[in-house]
Structure formats: C-alpha cells, structure tokens
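K.L.:
I am attaching a structure below and will ask some questions about it afterwards.
The values are calculated or read from the model by the stated rules, or taken from the named source; none is laboratory data. Small disclaimer: the values here were computed from a predicted structure and weren't measured. Don't worry about glycine lacking a Cβ; one is built from the backbone with ideal geometry, like all the others, and counts go over all protein chains shown. Heavy atoms of the whole protein, side chains included, go into the accessibility calculation; ligands, DNA and RNA do not. Shrake-Rupley method; radii C 1.70, N 1.55, O 1.52, S 1.80 Å.
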Amino acid sequence: MDAVILSRIQFGLTAGFHFIFPPLTLGLTLVIVIIEAFHFKNNSELYKKISNFMIKILGLVFVMGVATGIVLEFSFGTNWSNYSRMVGDIFGAPLAAEGVFAFFMESVFLGILVFGRNRVSRGVFLLSAVLVFFASHLSGLWIIIANSWMQTPAGFAIEGGRAVLKDFFAAAFNDSTLIRYLHTVMGGWITGSLFTAGIGSWYLLKNRDLDSSRPLLTTALWIFVAIAILQFGSGHGHSVQVAKTQPAKMAAFEALWQGQNGAPMSVIGIPDPAQKKTNLEIAVPKLLSIAIYFDPGARVQGLDDFKEEELPPVVLSYLTYHGMIGLGSLFALLAVISAVLLISKRIFETRWFLWVLTVAVPLPFIANELGWMAAEFGRQPWAVYKVLKTAEAASVVVPAWQILLSIIAFSAIYCLLFAVFLKILFSIIRKGPDNITIGYVGE
Amino acid sequence: METMQLLQMLWFFLIGILFVGYSILDGFDLGIGAMLPFLAKDKKDITALFTAIGPVWDGNEVWLLTGGGALFAAFPHVYATVFSGFYLALMLVLFALIFRSVSLEFWSLDETRRAFWKWAFCVGSFLPALLFGVALGNVILGIPLNDRMEFTGNFFTLLRPYPLVIGLLGFSAILLQGCTFGALKTTGGLHDRLVAAGKKIVVAYAILMAVSSVLTALFIPWSMGNILAWVCAAIVFASLFLTALQLGKGSGFQAFLLSSLSFMGLWGIAGSLQFPNLVRSIDGGGLNLDIYNTSSSQLTLTVMLIIALIGMPIVIGYTIYAYRVFKGKVAP
C-alpha cells in the first residue's frame, strides 16, 4: 500500500478513536455545571456527592481525550507535511489559539475540579465548573473552525502555490463553521446526557443508589429530551449548508445519480456505483428539493453533474450519512417517550424504558463517529475542498513501512487503553456515588 | 526595520518562551516521572508524588501543544520538515506521551496492573525527556536537507554523538526540575531521597554542560564568538552552583527557581546559537530553514500576535492562581 493510503488509515484511526471522548466531555461538563449550580444554590450534600461522582468520570474521560489528542496536533506535520506547507498559514492558527484560549483553561480548572473540592470556596468551585464547560466548548470551536475551513475554505488567496490568509474572520467563520459547531456540540450534549441518564437508569434497575439515581436521571433526561429534538433542526440546517456549498457531497450522501428537478430524498437503500443506481431504495418524492430549497420543483445537482475524478466515495458517504440520521431519529423517538414519562411522573417505574436508556448509551457515540465520517468521506478527494487534494497533502519523506509500523503500534496501544478505560469506568459506576474518593488512591 | 521582519523575530522569541514554559513546568513532572520507581519506596510515596503533580501536569503539557501549534502557525515549513523528517522518533515520543497521560489515573484505578502503569509513567516520561533534547541537538548541529526543505537523512542520522549529549544535558535539567519541585511538595524519607538525588544530578548536569560546551566548540566552531551564548552559559553554571548550595541547606522554593533559571539559560544558549535559523542544513545540500524563508504571512503573524497578547497574560494569571490553590506539602 502506498504512503497516502496508509496515512489516511492512520488519521482515520487516531482521529476516530480520539473523537469518542471530546463529545462526551462536552456533555458531561454541561451536566456537571447544572448539578454544581444546584449544589451552590442549596448547599445540598446530595448534589455535592453526585457532582463528585460525575467529576471522577469526567477526569477519566478527559485524560483519554488528552492522550489521544496530542497525536492529532502533531499528525499534520508527521503524516501531512505537504498539507502543512500549503495551508499552514491558515490552519496552524486555530490549533495554536485552541491551546492559548481554551486548552490551558480547561486543564487548569479541571485540576481544581478533580483535586480542589476542599481547597476552594463553593463559589470558586462552581466558577471552575463553568470555566471547564466554557473552555471545553471553546476548544471545540477552534477545532471545528479548522475542520470547517477544510470543508468550505474562505478568507484566503493562493500565492506562490500556497494558501495565504487574507481575512481572518472570513476564514474562521466560513460557510460551515457555525452550523457544524452547533450540530457537533449538540451531538456532544446528547452523548453526555444519555450517558448520564443510562447510569441513573441502571442504578434504578438494580434498585441501588436511589437517592443519587433519581436526580441523575431526571437532570440528564431533560437535557436529552430538549437537545435530541432540537438536533433535528441543526441537522437540517447543516444539510442545507452542505447542499449549497458542497453539492457533490450532498449528491453522494443521497446517492442522487442524476441531477433533477424535484429531487427525491432517499430514506434507505444500498447504492451500487457500477450500475449507478440505488438498490432496494425507499425514497420520498420531491422531499430533497423541498428540504434544501423549500420548493418541490427546485433542481438538485446529482453525481452526473460532477467530474468522475472529483466525486467522493458514494457507498461510504451514503451509508454513514444515513446511519447517522437513522440514529438521530431514534434519539428523537426516545426523547418523545422520555418527555411523556417525565411529565406523567412514571419514568422511575417504567422498567422496560430504563433498560432501553441503559443499552442506548453507546448509540450517540456511534452517531458522532458516523456523522464525522460522512463529513470527511464526503469531502474527498479533497483535503481542502477544491484547493488541495488529499493525495497531494501527505508527507513525501516518510516511507510506507514506517507508517504501517505506527498504525500497528497505535492499534495495539489504543485497544489496550480502551479496554482499561472501560474497566475503570465500569468500576467507578459499580462503586457508585457513595464511594468516591477525591484524588489518587494508593491503598 | 520592516514590520514583517520584526514579526518574524518576535515569533522566534515567543515560541522560545513557550518552550521555556514547557521545560520549566512540564519539566518537573517529566523528571518526577522518570525517577518515580527509583524514588518511591511504596504506594504511599507514589500517591504523594502523583498528588503533587496531579492537578497541574496536564496544564503543563499544554505548553507543548501550544508551542507545537504556534510553530505550525508561525513557521509551517519548520513544523513540516522536522515532524515528517523525524517521523519514527516522534512516534516514539507520542506513544510515550499517550502512556504517560493515562498512567496516573490508571495506576490509581486499575489496581491489578499497578506495576505496569508505574513503569508506563516512568518510561513515558523518560523518553520525551531525553528525546526532546536529542531533537534540539540535531537542529542546532544541522540535518541533511534538500532544496525543497525536505529531510534527506534517516533515523540514525538523529543519533549522532552531539545530539545525544545534548539529549542527556536536557534530561539532566529535567531531572533537576523534578527533584527540586518534588522536594518542595514532599516530606520525610521521600523528601530526603529527592534532595539527595538532586545533589547528585546537579553535579552530573554541570559535567554534561561542560562536555556539551567542549563538543559545541569542536562541532560548531563558529559558535565560539557568540557573546550572548557565553553569557547564558555563565548563567547556567552560576545557577547550578547556587542550586547545589540551596540543596545543601535542604530544599525550598529557591532551589526550584534556580534550577528553572538554569533551564532558561540552556534555552538562551540554544536561541542565541540558532537565531535567525530554526533548522540548520548540513552537507551543503539545501538552505538553512530560518525565520525569513519559513514563516507565515504578515497577516497570520499579526493575528497570532494579537491572540498571544490577549491570551497568554490570562493563562499566566490563572496558572499562578491554580498553583497557589495547591500550594504547600502534599499530605503524607
């Protein structure tokens, strides 16, 4: 295999593994801020206990995010050095800004959350929780800015073969930044809230930690109800933006083989690129035109409107995009049922639904990964849309065997870390909020 | 002087400051990590050392991430050349940093594999502590580059004697950071072992500094006329002497500050030998990579400067606050 393919596999592997953790961090910081606000207002020992429990989990999740994030910061130099030369004038700044504005703050105040409960006042502790929430979301914004610039580049000019910054705000807040950010952050909140609700549900099912499990479940579930429904709006907005600014990507998402007026929206099917048709397809006539342009007769560009060599991989784009939407629809359904049970105050007794919430915990993680994959597959063959092809972005001096070696090492290390992470996570949950010790335990 | 030139020089200096911040702060937790199995007699000692660095190590590591990001943004060609050229070495550093990031938490919570995570933290700290110096030694001595700024050597090019000695020098500085900070935070036998180790390391550090100076004279003869480098070398020797005196009296904040000053001196030497180059080219192949031929555009450097001027004072402010929150000895 050649070095470019191997570098793509390595980036996919390392970024995909990393992306398990940051969305959960975003959601957990939201849950913790709310719980900590209750604690600040009521000085309640119960909320303090629950907060300590969630902070213990956040600390573990954050460490995994840090460990796997460093790799990505350096990977543009190690594996994508041509990319770094071509677009470093624009792409480096958000990474540096993430460190200066967000990551320092997140790390320092998380230190206070994890270790400083007995060293600062309740007010400072709440402020630390708010700052960790703020910084983790700001950190996400800078990363989304960097990624969005690859999707819909703006604010630059090509000079001497390199992309040169011309307008910082146009580059940072390009066509896809804000909507992608909203969509990603809400994905994180869904992840974190369902994760927390799942823990609360499990305690209820096991008839244990009843004092903690009820506030955990209700707090988290209300967040989940609100966001899982709103996420449809942000998802719609994001799709419209993709259709308008990256039409080839939308054509691949929908496997729309021919550009047409009154284009249908594909609900399910298996695209066959050789025959240029989608097998076993269920599609809603004219819905794609309506969704994008609010006009049943509007023309939507199809795959035949673009050069063959500039098309993304249709099968992967279609399946990841539709997989994400399928899961998103499931979350909305769960949200509606949750709302009914919460309002009618039957949630704690409805055991079958508590089981559903518990086993649904991994699904938002899968939805996040699928959404990210859809966004990245759909951008191909470009690293920076219509500016730099992925094949021209890789390092030229790194031999393929070295990349293969690092892929093997990353795979082994990440398998080990993930197994230990899960083991520790389950042991924290099994011990429960009553048995949380602050700081390191040596005995 | 033109604005562009001024910005390029400023960014050379600012990236230097980020690396100094990283060396001084993450230096102490890297140093403690590298010595952990040798200093800690039991679980209590490990808990004490982890508690000393637990709340701050991650913030300290952000100096490296920000330094890397700033290098990417300000001098993208240097970032591209060095990181792709040193691929295997860098992967080794990354694997080490991954293990070290998780191993404090995992040591505490994954009880069945405690010995493994203890050694993971040790090796994960040792490798970067040594290899960062080796990398710096290489860019000072020079590496083979072609006219497209690409590295043409291989893994073994990086393991020449001069960079290895610079690696050991940096490693000794990191260990001294670890000893002086560790002694500040601990009590009893652990504290005494840290002070005793510090006394030995300060001697090794001074010897390595002398050896490095001689080797620099041999391998980089033109550097001998660089007055600023001599001043910085004098600062290193003086602060090492004073660190040794302080360690003789026991421990204290002064020992840590003086050890940190010696580290600044090392960076001062590196900076004054390098300026305005960032990576030297040897074997007459390509160009030296300097601040003028590798930098980003004037607009990017300006935007980055604004970001740094707004952001870094705030960072320094709350970092000092956090260190004050966790001030004092950790409970034994």
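K.L.:
Filter the range A:400-443 for residues that are in contact (Cβ under 8 Å) with a residue 40 or more places away in the chain, farther than 21 Å from A:Leu113 by Cβ and within 11 Å of chain B (Cβ to nearest Cβ) and give the result.
P.N.:
Answer for the range A:400-443, where residues must be in contact (Cβ under 8 Å) with a residue 40 or more places away in the chain, farther than 21 Å from A:Leu113 by Cβ and within 11 Å of chain B (Cβ to nearest Cβ): A:Ile403, A:Ser406, A:Ile407, A:Phe410, A:Tyr414, A:Leu417, A:Phe418.
K.L.:
Residues that are within 11 Å of chain B (Cβ to nearest Cβ), over 22 Å from the mean Cα position of the chain (by Cα) and in a helix (DSSP H, G or I): does the range A:325-344 have at least one?
P.N.:
Taking the range A:325-344 and keeping what is within 11 Å of chain B (Cβ to nearest Cβ), we get none.
No - not one qualifying residue is present in the range A:325-344.
K.L.:
A:Thr196 fails exactly one of the following numbered conditions: (1) among the β-branched types (Val, Ile, Thr); (2) in contact with a Ser or Thr (Cβ under 9 Å, 6 or more places away or on another chain); (3) more than 21 Å from A:Thr25 (Cβ to Cβ). What is the number of that condition?
P.N.:
(3)
K.L.:
Is the range B:89-98 home to any residue that is part of a helix (DSSP H, G or I), under 16 Å from B:Cys179 (Cβ atoms) and either in contact with a Lys or Arg (Cβ under 6 Å, 6 or more places away or on another chain) or within 7 Å of chain A (Cβ to nearest Cβ) (or both)?
P.N.:
No: zero hits.
K.L.:
Residues that are at the interface with chain B (Cβ under 9 Å from one of its Cβ atoms): which helices (runs of 4 or more DSSP H) entirely in the range A:1-109 hold 2 or more of them?
P.N.:
A:45-78, A:81-97
K.L.:
Give the residues of the range A:333-352 that are in contact (Cβ under 8 Å) with a residue 40 or more places away in the chain and surrounded by fewer than 18 Cβ atoms within 10 Å (Cβ to Cβ), sorted by residue number. Give the derivation first.
P.N.:
Kept after step one, since they are in contact (Cβ under 8 Å) with a residue 40 or more places away in the chain, are these residues of the range A:333-352: A:334-336, A:338-339, A:342, A:347-348, A:351.
Answer for the range A:333-352, where residues must be in contact (Cβ under 8 Å) with a residue 40 or more places away in the chain and surrounded by fewer than 18 Cβ atoms within 10 Å (Cβ to Cβ): A:Val336, A:Leu342, A:Phe348, A:Arg351.
K.L.:
Among the candidates B:Leu278, B:Leu266, which residue alone is within 18 Å of B:Leu18 (Cα to Cα), under 21 Å from the mean Cα position of the chain (by Cα) and at pLDDT below 95?
P.N.:
The unique qualifying residue is B:Leu278.
K.L.:
Additional query: Just checking, does the range B:301-324 include any residue being modelled with pLDDT of 90 or more and among the basic types (Lys, Arg)?
P.N.:
yes
K.L.:
If we scan the range A:380-391, do we find a residue that is basic (Lys, Arg) and either open to solvent by less than 10 Å² (accessible area, probe 1.4 Å) or in a helix (DSSP H, G or I) (or both)?
P.N.:
no
K.L.:
Which residues, taken from the range A:169-184, are open to solvent by 40 Å² or more (accessible area, probe 1.4 Å) and closer than 19 Å to A:Ile90 by Cα?
P.N.:
A:Phe169, A:Phe173, A:Asp175, A:Leu178, A:Tyr181
K.L.:
Here's a check for you: in the range B:65-79, which residue that is hydrophobic (A, V, I, L, M, F, W, C) and open to solvent by 10 Å² or more (accessible area, probe 1.4 Å) is farthest from the other protein chains (Cβ to nearest Cβ)?
P.N.:
B:Leu71
K.L.:
Please determine, by comparing only the residues of the range B:104-163 that are open to solvent by less than 30 Å² (accessible area, probe 1.4 Å), assigned to a helix (DSSP H, G or I) and among the β-branched types (Val, Ile, Thr), which one is farthest from B:Leu49 (Cα to Cα).
P.N.:
B:Thr157
K.L.:
Can I ask one more? Within the range A:224-261, track down each residue that is within 30 Å of A:Arg430 (Cα to Cα) and surrounded by fewer than 21 Cβ atoms within 10 Å (Cβ to Cβ).
P.N.:
Once the filter is applied, which keeps residues that are within 30 Å of A:Arg430 (Cα to Cα) and surrounded by fewer than 21 Cβ atoms within 10 Å (Cβ to Cβ), the range A:224-261 yields only A:Ala226.
K.L.:
Could we say that B:Ala34 is more than 8 Å from chain A (Cβ to nearest Cβ) and either modelled with pLDDT of 95 or more or on the phi > 0 side of the Ramachandran plot (or both) here?
P.N.:
yes
For (1) under 26 Å from B:Gln5 (Cβ atoms); (2) touching a helix residue (DSSP H, G or I) at 6+ places or on another chain (Cβ under 6 Å); (3) surrounded by fewer than 18 Cβ atoms within 10 Å (Cβ to Cβ), each residue gets a yes or a no:
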position	(1), (2), (3)
B:Thr243	no, yes, no
B:Gln246	no, yes, no
B:Ser260	no, yes, no
B:Ile269	yes, yes, no
B:Thr294	yes, yes, no
B:Pro313	yes, no, yes
B:Ile320	no, no, yes
B:Gly328	no, no, yes
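K.L.:
Restricting attention to the range B:37-54, which residues are more than 7 Å from chain A (Cβ to nearest Cβ) and of a type in the set (Phe, Trp, Tyr)? Reasoning before the result, please.
P.N.:
Filtering the range B:37-54 down to residues more than 7 Å from chain A (Cβ to nearest Cβ) leaves B:37-42, B:45, B:48-49, B:52-53.
B:Phe38 - this is the single residue of the range B:37-54 that is more than 7 Å from chain A (Cβ to nearest Cβ) and of a type in the set (Phe, Trp, Tyr).
K.L.:
Could I ask something else about it? Quick one: in the range B:55-64, which of the residues that are assigned to a helix (DSSP H, G or I) and either more than 7 Å from every other protein chain (Cβ to nearest Cβ) or surrounded by fewer than 24 Cβ atoms within 10 Å (Cβ to Cβ) (or both) is farthest from the chain's Cα centre (by Cα)?
P.N.:
Across the range B:55-64, the extreme among qualifying residues is B:Trp57.
K.L.:
Also: Is it the case that some residue within the range B:205-217 is in a helix (DSSP H, G or I), more than 14 Å from chain A (Cβ to nearest Cβ) and closer than 17 Å to B:Phe12 by Cβ? Break it down into steps so the answer makes sense when it comes.
P.N.:
Within the range B:205-217, the subset in a helix (DSSP H, G or I) is B:205-217.
Restricting the remaining residues to those that are more than 14 Å from chain A (Cβ to nearest Cβ) gives B:205-217.
If we keep only those that are closer than 17 Å to B:Phe12 by Cβ as well, we get none.
No, there is no match, as no residue in the range B:205-217 is in a helix (DSSP H, G or I), more than 14 Å from chain A (Cβ to nearest Cβ) and closer than 17 Å to B:Phe12 by Cβ.
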